[in-house]
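Participant: This is the structure I have questions about; it appears just below.
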Amino acid sequence: MASDWLGSVVSINCGLTLGVYQGEVSSVNHASQTISLKQPYHNGTKCPVSEVTFSSMDIKELKFLDIQNTVNKPSSGQGAARGPSLTTAGQRGQSNRTTRPPVTSSSTHSDIPPITILNRASTGSSKNRGVTQSTPKKNSARNGSTSGLVRLKDDECFGGGTDEDMETDFDFEGNLALFNKAAFFSQINGTGGHGSRSQPPSTQVNQHSPSYRHDENVLEGKPVIYRQITVPQHGGKEYCTDSGLVVPSVTYEFHQHLLATAERWGLTLERRLEMIGVCSSQMALTLLGGPNRLTPKNVHQRPTVVLLCGPHLQGAQGISCGRHLANHGVEVILFLPNFVKSQEAVTSEVNLYSRTSGQQVASIKELPASPVDLVINCLDCHEKPMLKEKSWYQSAAEWANQNRAPVLSIDPPVGEQLQSVEAKWTLSLGLPLPLAETDSRVYLCDIGIPKLVFQEVGIRYLSPFGCKFVIPLHRA
C-alpha cells in the first residue's frame, strides 16, 4: 500500500533543469501519478515552501534514504515488502518496482541503518557525515551508477549554510564605527591622542620636521637674499625676477659708464652687438612659436618679421638680430632709410646682413600691407630724440601701429614720454633703465659683462640670469 511509505525520506532527481529534491513523503496519488514531499530540500538548501508535489513525468530517479514507517507485511509467494506502485517516466513499460532496496521478512525497522538528510546550516558538527556514506554507495552500486553518491557529496560540501546567514544584512556602518580614524592618523603623525597606541621610540615620527615639495631641496641651506644687486646711482625704479630677486634700474649716464668700463677690458662694441643680436633673436624665435613653428616639415609657413631700424647704434642692434633670424629660416624684411648718414656700426652690420636671405627696403611703401608675425622696433635712439620729427620715422611708426602685429622693442629710450610705437615686449640690456609706465612686458638680456667690471664701477652684483640669457622682469 502507498500508505506504508508515508514518512519515508526520499531523494528525487528531476534532471539538470529542476535539480535534486529531498524530503519526507507526505502523500502518493496513484490516479494522478504524483508524489508529495514535506519539508523539502532543493539541492541541499531548504525550500521556502512546506510541501512540493512532483509528477512522474518529471522524475528521473527516486531513492529511498530513510524508511520511517516500514511494516513487515509478507505477501503471498513473496518474501519482501512491496513499495508503492508509483512509476517514473524512466520506469514505464517495465515491472512495477521502486528503487528502494528490498527488505526481507526477517528484517525489522531497526535493522535498516538510518540515513538522514544533511543540512550544514542547521547543525554545527559533523557527527552525521560518516553515517551517510554507506547506504547510498550500496544503492548506487546496485543501480549500476555512482552519480547519486557524487551528487550527495556535492550537496554536503556546497549545498547548505546560506539560507540563514543571508537573512541578516552586513552592518557596514557598525563595522566602520569600530575604526577610530582620529586615533589612527594621530598615531601616524606621532601626535598621540585618545585611543591611539603608543609607538616605539624608533618608529615615532618627528613632528617638528618640515615638509618639502617635490621641487624643493631637502638639505638645509643659507636663507635666500633677494637683494643681491645694489647700485651706487639708483634709477628710481625696481624690478624683480620670477624667483623674487630684486633688480634695480640705473640711469642712462651710469649705464653708459658701465659699458665704457667693460669696453676698456675688452668687451668691444662688436662683441656687444653680436651678444645682443643672439639674445634678442632667441627671444624673437620663442615669440614666433619656437620648435612648433620652425620645423623642416613646415617650410611653407615660415614666419615673417619686419625690422624697423634707424641710422644709429640701436638700429645696428636690430640689424644684428635680423641677421640671426634670417640664418634660422625666418623671412626678414629690414627697413632702413638710405638717405640718412649712418654710423660705422650700422654699415658693418648691413654688410653682414646683405649676405643672408633677408630683404632690405628703404621705403614704407615696400613693406607688407597684410599683418606680419612680428615687428621689431629699433627706430628710437637715446642721444637723438629729435628723430621723431622726421617724416620717415613718423611713417614707419604709423605703419607699425596699423599693421596689428605684436611689437618687440630693443633698448628703448628712457623718460616718461610716450613711445611712438606701442610695444608688447621690451628688451633691456645688462641692467634695466627706468622705463616709462606702459603695458609692455619688460625682459632683461645678459650682454656678457663680467662680475669684476660691475664691482669696478661700484655695483655689488650677483647674476640673476641663472641658466638663461633672457629673463622676464616684473615691476616691483
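Participant: Name the one entry in L462, L431, L435, L444 that is assigned by TED's automatic domain parsing to the domain that holds Q314 and more than 19 Å from S243 (Cα to Cα).
Facilitator: Result of the check over L462, L431, L435, L444: L435.
Participant: List every residue pair whose Cβ atoms sit under 8 Å apart, with the two residues 6 or more apart in sequence or on different chains, where the first one lies in segment 293-306 and is under 28 Å from C378 (Cβ atoms) and in the same structural domain as A369 (by TED's automatic domain parsing) and the second, anywhere, is of a type in the set (F, W, Y) and surrounded by 11 or more Cβ atoms within 10 Å (Cβ to Cβ).
Facilitator: Close Cβ pairs satisfying both conditions: V306/F335.
Participant: Just one of S320, S342 is under 25 Å from E274 (Cα atoms), assigned to a loop (DSSP other than H, G, I, E, B) and small (G, A, S); which is it?
Facilitator: That would be S342, the only listed residue that is under 25 Å from E274 (Cα atoms), assigned to a loop (DSSP other than H, G, I, E, B) and small (G, A, S).
Participant: Name the residue that is farthest from the chain's Cα centre (by Cα), counting only residues in segment 359-410 that are assigned to a helix (DSSP H, G or I) and hydrophobic (A, V, I, L, M, F, W, C).
Facilitator: The extreme case among them is M386.
Participant: Something else: Of the numbered conditions (1) surrounded by 13 or more Cβ atoms within 10 Å (Cβ to Cβ); (2) without any contact (Cβ under 8 Å) to a residue 40 or more places away in the chain; (3) farther than 22 Å from I447 by Cβ; (4) not charged (D, E, K, R), S409 fails exactly one; give the number of that condition.
Facilitator: (3)
Participant: Mind checking which residues of segment 424-476 are hydrophobic (A, V, I, L, M, F, W, C), more than 23 Å from L285 (Cβ to Cβ) and in a loop (DSSP other than H, G, I, E, B)? Can you show your working first?
Facilitator: Step one: list which residues in segment 424-476 are hydrophobic (A, V, I, L, M, F, W, C), which gives 425, 427, 429, 431, 433, 435-436, 442, 444-445, 447, 449, 452-454, 457, 459, 462, 465, 467, 469-471, 473, 476.
From the residues that got through so far, the ones that are more than 23 Å from L285 (Cβ to Cβ) too are 431, 433, 435-436, 449, 452-454, 457, 459, 462, 476.
L431, L433, L435, A436, I449, V457, I459, L462, A476 - these are the residues of segment 424-476 that are hydrophobic (A, V, I, L, M, F, W, C), more than 23 Å from L285 (Cβ to Cβ) and in a loop (DSSP other than H, G, I, E, B).
The values are calculated or read from the model by the stated rules, or taken from the named source; none is laboratory data. Keep in mind it's a predicted model, so treat the numbers as computed, not measured. All Cβ positions, even for glycine, are placed from backbone atoms using ideal geometry, and neighbour counts span all protein chains on display.
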